[in-house]
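As structure tokens, the structure follows; a few thoughts come after it.
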Amino acid sequence: MEIVAIEKRTFEQMIQRFEDFAKQVNTLCGQSRRNENWLDNKQVCELLKISPRTLQNYRDTRVLPYSQIGRKCHYKDSDIEQFINQQQTKK
């Protein structure tokens, strides 16, 4: 293990910058949580009345935008609503 010595003032500046950064991240995360609801695969399939394979096809062909965390896919409710509106205008 290596020990590094820094001035107290430098250390306090580092702490302050880190706290400012953490506040910015919390603010951004809080805004996105308030504005968007996220749906999982099962919820989207039920909402669109489609099978999981059809949903997979929509992802593969980029018809429906999604975000993936690990192996789980999530969809913005606004994107699903827009998709439904597009399908209704086609009919």
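FYI, it's all coordinate maths here, none of it is from the lab. None of these values were measured; they are calculated from a predicted model. Because the Cβ atoms are built from the backbone with ideal geometry, glycine has one as well, and the counts that use them run over all protein chains shown.
Each label was represented as a point 7 Å from its Cα along the Cα-to-Cβ direction; for Thr61 and Ile15 these points are 5.8 nm apart.
For the chain, lysine pairs separated by 8 or more sequence positions, or belonging to different chains, with Cα-Cα distances below 29 Å total 13.
With the simple spin-label model, which puts each label point 7 Å out from Cα in the Cβ direction, the Gln88 to Asp40 separation comes to 2.8 nm.
D by Stokes-Einstein for the chain, Kirkwood Rh over Cα pairs, 10 °C, 1.306 mPa s: 95 µm²/s.
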